[in-house]
Amino acid sequence: MIPSQMLKGTLEGCILKVISVKETYGYEISQELQGYGFSNISEGTIYPLLLRMEKNGYIQAQYRDSLVGPKRKYFSITPIGEQELDNFVGSWKLLERAVNRLFTGGGKEE
Amino acid sequence: MNKQTKILNRQNNELDKKLVPENQTIMTDMVCYLRVANISDYDQELVRHDLLEIVLSAQERGEEISAVIGDDYKQFCDEIIASLPEKSKKSKWLDFVDTILLCLSVLGLIHLVLSKDSFQVFKHLITGKKDNFMISFTIGDIISYVIILAASFAIVHYIGKTSFKSVAQNTGRVKRFIVGGAIGVGIMGGFILINALGRQTMFQVHVIALCIVTLCMYAGHKILQNYVQAK
């Protein structure tokens, strides 16, 4: 299980990535993430993050009918969200490289 | 609550009925907590709708509510509240004025119906006898109304903020009995004392003027509710 503290800064970017592929909803996002190994991600974990990303304009929501009764909220990425996703990927690559160099003995950067 | 919020509220109330009892209890606790949060009524209803969709879908899949939103409902609600835009100062003030206007119009109506002068005044109005049409407000009445208003705000806030604590969790049975009894006796004693000491008339209002003021306050509340309140 990935510790929640470690997930904190990266989960938002990962959710954005899932939404960037196709328009989707909370439960489907959590299932998708679980499929990639984020075992402890429930719909409740990502719901507040979705609200925050919507408030920041990274994603937009549209209500559609669902089988259980209440309308379901479908999310799609916005141009600002795409830019944010690019920033996240850039930052993640820097972090990944730094951590890998530290742990695999790749040596300090020149 | 504006029109759009009211429609959503009605839809949510209907959806609420589809919840199984254990999920309904948890949903009620969460909604109570969200009600006193610094977020707009519209956002409260939107979140309620989303949560109902999440919980009802889980119910349909045969999953427990804790499997989808975890066991710490308070923390979950705090995260939601932190993710939503805060109410503006203007919106908070309008909410406050709206509640005060509604409370005062209800208290005005109660005074109009229950005041000891009312019976005489209405008798005079019906018989057409030109006599005293004034309704008195004593010091005791005014103090009582101020206490009722303050207590209403305090009770709503208390219920919202402690919605996740079960009664048993808060205090023991004996302690609850003593505290509850003391509060009850205190309130009763307070009102008896106010009534006894505050019999002196503070001011008098003509019954028609009181009716108009009460109606105006109710109309003011309705206007704020429908048109001014921020979404």
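The values are calculated or read from the model by the stated rules, or taken from the named source; none is laboratory data. Since we're looking at a predicted model, the values are computed, not measured. Positions of Cβ are generated from backbone atoms using ideal geometry, with glycine treated the same way; all protein chains shown enter the neighbour counts. Surface areas here come from the heavy atoms of the whole protein model, side chains and all, with no ligands, DNA or RNA. Shrake-Rupley method; radii C 1.70, N 1.55, O 1.52, S 1.80 Å.
Peptide B:42-55 has a mean of 4 when you count, residue by residue, the C-beta atoms of other protein chains within 10 Å of its C-beta. Just to be sure I understand the interface: list residues from the range A:33-68 that lose 30 Å² or more of accessible area between the chain on its own and the complete protein assembly, 1.4 Å probe. So the qualifying set is A:Ser42, A:Glu43, A:Gly44, A:Tyr47, A:Pro48, A:Leu51, A:Lys55, A:Tyr63, A:Val68. Peptide B:76-84 has a mean shielding of 4, counted as Cβ atoms of other protein chains within 10 Å of each residue's Cβ.
Against chain B, whose longest principal axis is taken from its Cα atoms, helix B:207-223 shows a tilt of about 20°.
How do the peptides A:74-81, B:43-50, B:3-10 rank, highest first, by the average count of neighbouring beta carbon atoms within 10 Å per residue?
Sorting A:74-81, B:43-50, B:3-10 by mean packing, highest first, produces B:43-50, A:74-81, B:3-10.
Within the listed set A:Val68, A:Val89, A:Val18, the Gaussian network model of chain A (springs between alpha-carbon atoms below 10 Å) gives the highest mean-square fluctuation for A:Val68.
The alpha-carbon positions of the range B:3-82 define a convex hull whose volume is 78 Å³ per residue.
Mean sequence separation of contacting Cα pairs (under 8 Å, at least six apart), scaled by the length of chain B, corresponds to a relative contact order of 33 percent.
Suppose every Lys and Arg Cβ carries +1 and every Asp and Glu Cβ carries -1, with no other charges. What dipole size does chain A come out with about its Cα centre, to the nearest 20 debye?
Working: 13 positive and 13 negative charges, 35 e Å.
So the magnitude is around 160 debye.
Quick one: helix B:139-161 against the long Cα principal axis of chain B, what's the angle to the nearest 10°, folded into 0 to 90? With rounding to tens, the tilt is 0 degrees.
Relative to the dominant Cα principal axis of chain A, helix A:4-21 is inclined by about 60°. By the rule of a C-alpha distance below 26 Å, with chain neighbours fewer than 8 residues away ignored, the lysines paired with B:Lys89 are A:Lys55, B:Lys3, B:Lys6, B:Lys74, B:Lys161, B:Lys222, B:Lys231.
If you take each beta carbon of peptide B:64-72 and count the beta carbons of other chains within 10 angstrom, what is the mean? Before the final figure, lay out the partial values.
Numbers: counts 0, 1, 2, 3, 8, 5, 4, 0, 1.
The per-residue average across the peptide is 3.
Over the protein assembly as shown, the Kirkwood radius and the radius of gyration, each from Cα atoms, give a ratio Rg/Rh of 1.13.
Normalised by the number of residues in chain A, the average gap of Cα pairs under 8 Å and 6 or more apart makes the relative contact order 25 percent. Rg and Dmax of chain B, both derived from C-alpha coordinates alone, stand at 22.7, 73 Å. Residues considered: B:Val106, B:Val213, B:Val68. Largest GNM mean-square fluctuation over chain B, using C-alpha springs under 10 Å, is found at B:Val68.
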